[in-house]
Amino acid sequence: MTTPPLLALDGLRAGYGRVEVLHGVSLTVPEGRMVAMVGPNGAGKSTLMSAVMGLLPRRGGTVRYRDAPAGSTGQMVAAGALLVPESRALFTDMSVEDNLLLGFLRRRRAGERDVRGAMAEVFAIFPRLAERRRQLAGTLSGGERQMLALGRALMGGPRLLLLDEPSLGLAPLIVREIFRVLAELRGRGLSILLVEQNVRAALQISDYGYVLELGQVVAEGPSATLAADPRVVETYLGQRRRDV
Amino acid sequence: MDPFIFFALLQDGITTGAIYLLLAIGLLIVFSATRVIFVPQGDLLAFGALTAAGLQSGHVPATLWLLDGLSAAALLASLTGGVRAAGRALLVWGVYPAVVSLASVWLARREIPAVSILLALAIVTPMGPLIWRFAYRPMADASVLALLILSMALHFVLIGLGLVFFGPEEASVPALSTANFTIGALDISGQSLCVLGAAVALVVGLGWFFGATVQGKALRAAASDPLGARLVGIDAGATGSLAFGLAAFIAALAGVLIGALTPLSYDAGFEIGLKGFVAAIMGGLVSYPMAAAGALLVGVLESLGSFWASAYREVIVFTLLIPVLLWLSLRRGSDEDRA
């Protein structure tokens, strides 16, 4: 018997108003793995994240999380599915420390009290946040904001981390830093669903990849295989096939 | 002007300004957490004052039956939400109203001022969360305008209920203090000091609540970024309930304080609430310190206005809105059309 995957989507449909964006998407995130979902702008990657989290109504198909049908956003968060959205959604008029403190809320409800310990762990990963702990989140640079958004999610002790475009709008040096941290988290056995436009980096650090186009999965496979797939190479990695 | 008259007016203005400050704070808390402009807050103020006055004259006020009715409805509605939710609801909407009802029926005859006031606060405060639960929450995602229209409708409902409950007569709340202090040639009334003391205590208390407690920070977070709040597990229903509970408590407190300074009728709350709203607008519906300054300005202007040009008192206060709105719209520039 194999253990059931942490997250399993089967034929998921979702959209906004009359427009359907996802036309039946199936994917799985096994426990302890990092799964990348890549694809162009408008493919429905963020919609997928919203539907998984219950921020958007799921119109068809099934979403199973921890071997049970996925519930509302509140239930998903309580069950440890923590999303870092593309917008970061930080509490900009509150301090870095308060943002992290609120990230701990989920664990606090479960009876945990060691906020300082959890915060120290986040500060160990992102020393920059420790320096800025008293600053308002709104005064941080783009890279620091992404670190804080990621740190806030880590404060909640995620079972499944959902990352929506963590590299979007960041300087290359910061992107490298973020991906270094993601690789480290994966190394610790954290289950991650990563949505990225930066296909090369995403396929480099993930175990398994899916390519989403126009709301449908058009290719999938182990990340290394996918990164070598001629179609993927041509479309997303900007290289011409040698034999042409 | 005679300096003694001026200081008497100033004292009067600061006292009413403190009341407007309380109401402005209530409006800001509710608006930032739920985008609702809580017009019926003024009516809850009248409910608070008249409930206390009723208890003090030995009647069991009809607001108590409203609380019991709404609580029973909330209890019934919670039965669909699972065992844990129902258990909690039984405590909040079953045990609490029962205790308050028994205490009111038993203590109304005693006519002890402090007890009447505390009971009035206990009766009116839960109406905030109940109004949120039944009126606003079902349409929480509606536009600010739709929510405002709902607020106006609720205002008319509450004012109608107020007339049924309390009749058209004015009533006074017993003063917390009847002492008078004389400093030099100045008379300072004990009740004015009580009002100021209550306002300061509330501001300090709320400062602590929002700055140092997790619940307070969660409420600020919900106002700061609703999506982020949902993603860390802050329940929008609970924050709305908390915000409306705070606003209703503040309104009831303002009611029992101002009801001792001037007799109030069932429909007096709206105008007082409106002045709190003017103060809140001066803070752009976001800034607490600006709203506080605005509230004191409104109170003092009104007080001085009533001496110099009593017929134009209200005109002076509400005309103040025009330059303030102009300034706000110029300052905010291009993002004025969001909302």
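Tabulated data for the structure shown
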item: Computed E for residue B:118/residue B:157 - FRET, C-beta separation, R0 25 angstrom, nearest 0.05; result: 0.40
item: Sequence-distant residues sharing a close amide H with residue A:91 (under 5 Å, placed H); result: none
item: Integer Hz, Karplus 6.51/-1.76/1.60 couplings in order for region A:159-175, x for Gly and Pro; result: 8, 9, 9, 10, 10, 9, 6, x, 9, 4, x, 10, 5, x, 5, 5, 4
item: Integer Hz, Karplus 6.51/-1.76/1.60 couplings in order for region A:221-230, x for Gly and Pro; result: x, x, 4, 5, 5, 5, 5, 9, 4, x
item: Residues with amide H under 5 Å from that of residue A:197, placed H, sequence gap 5 or more; result: none
item: Gyration tensor (alpha-carbon) shape descriptor, region B:132-197, a/c threshold 1.5; result: prolate
item: With DNA, RNA and ligands ignored, accessible area of residue A:47 (1.4 Å probe; Å², nearest 10); result: 10
item: Diffusion coefficient, µm² s⁻¹, Stokes-Einstein with Kirkwood Rh over alpha-carbon pairs of region B:230-339 at 37 °C and 0.692 mPa s; result: 203
item: Size of electric dipole in the protein assembly as shown: Cβ of Lys, Arg +1 and of Asp, Glu -1, about Cα centre, debye, nearest 20; result: 1820
item: Net charge of Cβ neighbours under 12 Å - reference residue A:212; Lys, Arg +1; Asp, Glu -1; result: -2
item: Cβ neighbours within 10 Å from other chains - mean over A:101-113; result: 3
item: Highest-first arrangement of A:197-208, A:67-78, A:149-160, where packing means the average Cβ count within 10 Å; result: A:149-160, A:197-208, A:67-78
item: Average beta-carbon neighbours from other chains, 10 Å sphere, peptide B:214-222; result: 4
item: Whole-Hz ³J(HN,Hα) from phi, Karplus 6.51 cos²θ - 1.76 cosθ + 1.60, for region B:98-107, glycine and proline x; result: 4, 5, 5, 4, 4, 4, 5, 4, 6, 8
item: Test item: Cα-centred dipole of region A:1-147, Lys/Arg +1 and Asp/Glu -1 on Cβ, debye; result: 180
item: Helix-only [θ]222 nm of chain B, DSSP H runs n ≥ 4, -39500 (n - 2.57) each, per residue, nearest 500; result: -23000 deg cm²/dmol
item: Dipole axis of chain B (+1 Lys, Arg; -1 Asp, Glu on Cβ), positive-most option in B:144, B:173, B:304; result: B:144
item: With 10 Å bins from 0: P(r) over chain A, alpha-carbon pairs, percent; result: 7, 31, 36, 20, 5, 0, 0
item: Extension gain (nm, one decimal) between residue A:31 and residue A:216, 0.36 nm per residue minus Cα-Cα; result: 64.2 nm
item: For residue A:213, residues with placed amide H under 5 Å, excluding near neighbours; result: A:218
item: Among B:151, B:57, B:143, residue whose mean-square fluctuation peaks in a GNM of chain B (springs only between Cα atoms under 10 Å); result: B:143
item: Zero-based 10 Å bins, Cα pair distances in the protein assembly as shown, whole percents; result: 3, 15, 22, 21, 16, 11, 7, 3, 1, 0, 0
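The values are calculated or read from the model by the stated rules, or taken from the named source; none is laboratory data. No experiment lies behind these values; they were computed from the predicted model shown. As a convention, Cβ positions derive from the backbone with ideal geometry for all residues, glycine included, and neighbour counts pool all protein chains shown. Just the protein is used for accessible areas: all its heavy atoms, side chains included, with ligands, DNA and RNA removed. Shrake-Rupley method; radii C 1.70, N 1.55, O 1.52, S 1.80 Å.
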